[in-house]
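The values are calculated or read from the model by the stated rules, or taken from the named source; none is laboratory data. Because the structure is a prediction, the values reported are computed rather than measured. Here Cβ is always computed from backbone atoms with ideal geometry, including for glycine, and neighbour counts include all displayed protein chains.
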Amino acid sequence: MGRRAIVPLKYKMVIPLVLLLLAVLIYPMGSSLLVSFQDYRLTALRERHFVGFDNYLRIPRDARFWNAMSNTLIFVSSAVFLEFVFGFGLALLLHRRVRMRNFFRSVLLTPMFITPVAVGLIFRFMLNSEFGIIPYLLRSLGIEVDFFATSPLALFSIVFIDVWQWTPFMMLLLLAGLESLPREPFEAARVDGASAWFTFRKVTFPLMRPVIVVAVIIRMLDAFKVFEYLYVITRGGPGNSTESIMYYIYRVGFRFFRMGEAAAMSYVLALIILLLVFLEFQLLRMARST
Amino acid sequence: MMRRRLRSAVVHVLVWVAFVIVVFPYFWMFLTSLKPYWLITSPNVWIFRPVLDNWREVIFESKLPLYLLNSLIVGGTVALVSVAVGSLAAYSFSRFNTGGVPARFAILAAQMLPPVVLVISIFLMMYHLRLLKTYVGIIVAHLSFILPLVTWFLIGFFDEVPRELEEQAMVDGYTRFQAFYKVVLPNVRAGAAAAGIFGFVLSWNDFFYALILTGGPTKTLPVAVAGFWTFRGIEMGQMAAAIIVAIVPVAVASFFVQKYLVKGLGGGLKY
């Protein structure tokens, strides 16, 4: 009893968290790292052995890895950009006096709470070239498209789906940002007779910059993990034109059972993401200082 | 006056357009789930005699209720553990600044880790322990990202409770822990519930971990839903019904969580 009292309450209260995270996060991270230095194939478990950096050295020459990486970067940048534009637009709209504003807000936010598998399947169904409602409506306008059949379009159809699901998230954060802005600069702008566009460019946007950077970072981190839409719609095709990095690593690890290589790739991915986040934090710092 | 009215009209039209874009897919899936199988591949049919065949098959003749139960068990366990463990730790982070900025940052950094890093070793662990296709692996995997997030949310909610509250309680003879348990905790009840529900939603929606770590009788709902697109045509009505089953609980939960989400995401950030 006397000895136990030496551990202060503040540490006692974090012990369960620390222990649990050691078990479910730190240990798996470490053991993945070990796996990444081994020839570790589920199909040849007996022949498991350490191979140093071999798995890592293979990555620069792996064309499919870089194809998947470039698909992912194209996907992330176009999806997050569009989500930002539409999300900001919607946030500005809902920031005004709109009838049934709270109702609209709540309904417009629902897509971000739905499982991406369902979203992927809904759009696979609605965009299907034979019996989808959207190609059907387009056909009546004289437009014939098959959203998932040809190379650049398939990837952008996936972008479109991501935009449908995640624009609400941007809207949520940006609307909260707008609502927390100080009022004085806007009143000053109005007194000076500034136009709406001028006020937006010179007052709203600069004040919102930190919120924008945070929203974009969170969204980008999440968009990097794109997997479900591909799994239920294109399976990476046509060719490998929609294969994302997560999907490729999944294939290497759980379709070809080459765990060592998959682990090495996943660590390279983690490093690339870390680098991007670091760059964006520099951006945030710049945004704050100006 | 004219101009303002025009602008207001434009704003309303745009909001309605967004509303239709969001709601139409829900409506279309609902309509599809009520179509008899010979109409499912006819997008031009809007008016028909609705049938409940798809719903009957999904509820009574498929294993979907079992998978729904799996999702409830996994999500419920993860949410409860996260809130219990997370609120203890979050209180410590909030009041004693335990571990300082690095600890807070570490909690946030856990969110950046791509799931593939963890899934490989969790999969191998479960493989060697012969625990694949049990609840263990999926609960471990979900805790790895939901526990830090829930803790992060809770730090923010605890920060908002004035310190005077527990100081007063301690003057009244409570120990620090009693003050936490009996005075502070009830004050973050709503926030903790929202964090728990959000954690539940994240678990309910996860597909990646569930695909790799569950299977057979432990499949969760998203994995089961993804399995409906195997035969073309006839299964699609059931798929529509299953999708609605997967969507509705979280859509309802979202109305409760929305209010706290922004505040929660801000979490332990100290400006």
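Within the set B:Leu132, B:Leu185, B:Leu118, the sole residue that is of a type in the set (A, V, I, L, M), in a loop (DSSP other than H, G, I, E, B) and surrounded by 15 or more Cβ atoms within 10 Å (Cβ to Cβ) turns out to be B:Leu132.
A:Thr115 falls short on exactly one of the conditions (1) among the hydroxyl-bearing types (Ser, Thr, Tyr); (2) buried (at least 21 other Cβ atoms within 10 Å of the Cβ); (3) out of contact with any Phe, Trp or Tyr (no Cβ under 7 Å at 6 or more places or on another chain), and that condition is (3). The residues on offer are A:Phe257, A:Phe198, A:Phe186, and the sole one that is within 28 Å of B:Phe207 (Cβ to Cβ) and either in contact with a helix residue (DSSP H, G or I) (Cβ under 8 Å, 6 or more places away or on another chain) or at pLDDT below 90 (or both) is A:Phe257. Tallying residues that are part of a helix (DSSP H, G or I) and either in contact (Cβ under 8 Å) with a residue 40 or more places away in the chain or in contact with a Cys (Cβ under 8 Å, 6 or more places away or on another chain) (or both) within the stretch B:15-38 yields 6. Of all residues being more than 8 Å from chain B (Cβ to nearest Cβ) and β-branched (Val, Ile, Thr) in the stretch A:19-73, which is nearest to the chain's Cα centre (by Cα)? Just the residue, please. Selected residue: A:Thr72.
Selection over the stretch A:82-100 of residues that are over 24 Å from the mean Cα position of the chain (by Cα), over 16 Å from A:Ala176 (Cβ atoms) and not charged (D, E, K, R) gives a count of 2. Annotation: B:Val23 fulfils all but one of (1) farther than 30 Å from B:Ala192 by Cβ; (2) facing chain A (nearest Cβ under 8 Å); (3) surrounded by 15 or more Cβ atoms within 10 Å (Cβ to Cβ); the unmet one is (3).
B:Trp204 falls short on exactly one of the conditions (1) surrounded by fewer than 18 Cβ atoms within 10 Å (Cβ to Cβ); (2) at the interface with chain A (Cβ under 10 Å from one of its Cβ atoms); (3) assigned to a helix (DSSP H, G or I); (4) aromatic (Phe, Trp, Tyr), and that condition is (1). Kindly indicate whether A:Pro152 is touching an Asp or Glu at 6+ places or on another chain (Cβ under 6 Å) and either more than 8 Å from every other protein chain (Cβ to nearest Cβ) or of a type outside the set (Asp, Glu) (or both). So A:Pro152 does not fit the description; no. Under the condition of being more than 8 Å from chain A (Cβ to nearest Cβ) and either closer than 16 Å to A:Val24 by Cβ or at pLDDT 85 or above (or both), the residues counted in the stretch B:104-116 number 3. Within the stretch B:255-264, the presence of a residue that is more than 7 Å from chain A (Cβ to nearest Cβ), modelled with pLDDT under 90 and over 30 Å from B:Ala106 (Cα atoms) is excluded. Which number in (1) surrounded by fewer than 16 Cβ atoms within 10 Å (Cβ to Cβ); (2) at pLDDT 90 or above marks the one condition that B:Thr230 misses? With respect to (1) surrounded by fewer than 16 Cβ atoms within 10 Å (Cβ to Cβ); (2) at pLDDT 90 or above, B:Thr230 is out only on (2).
For B:Met112, the conditions (1) closer than 18 Å to B:Ala210 by Cα; (2) of a type outside the set (Val, Ile, Thr); (3) part of a loop (DSSP other than H, G, I, E, B) are fulfilled apart from (1).
Of the residues making up the stretch B:135-150, none is among the β-branched types (Val, Ile, Thr) and not in a helix (DSSP H, G or I).
You will find that of B:Val74, B:Val11, the residue that is β-branched (Val, Ile, Thr), assigned to a helix (DSSP H, G or I), surrounded by 19 or more Cβ atoms within 10 Å (Cβ to Cβ) and in contact with a helix residue (DSSP H, G or I) (Cβ under 7 Å, 6 or more places away or on another chain) is B:Val74 and no other. For B:Tyr127, the conditions (1) farther than 21 Å from B:Phe177 by Cα; (2) of a type in the set (Phe, Trp, Tyr); (3) in contact with a Pro (Cβ under 9 Å, 6 or more places away or on another chain) are fulfilled apart from (3).
For B:Ser92, the test of being assigned to a helix (DSSP H, G or I), buried (at least 17 other Cβ atoms within 10 Å of the Cβ), within 11 Å of chain A (Cβ to nearest Cβ) and more than 24 Å from the chain's Cα centre (by Cα) is passed. All conditions in (1) out of contact with any Asp or Glu (no Cβ under 9 Å at 6 or more places or on another chain); (2) free of Cβ contacts under 8 Å to residues at least 24 places away in the same chain hold for A:Gly87, with the sole exception of (2).
For the stretch B:52-82, the set of residues classified as of a type in the set (A, V, I, L, M, F, W, C) and either within 12 Å of another protein chain (Cβ to nearest Cβ) or more than 22 Å from B:Trp204 (Cβ to Cβ) (or both) consists of B:Leu52, B:Phe60, B:Val78, B:Val81, listed by residue number. All of B:Gly191, B:Gly216 fail the test of being away from every other protein chain (no Cβ under 11 Å) and at positive phi, apart from B:Gly216.
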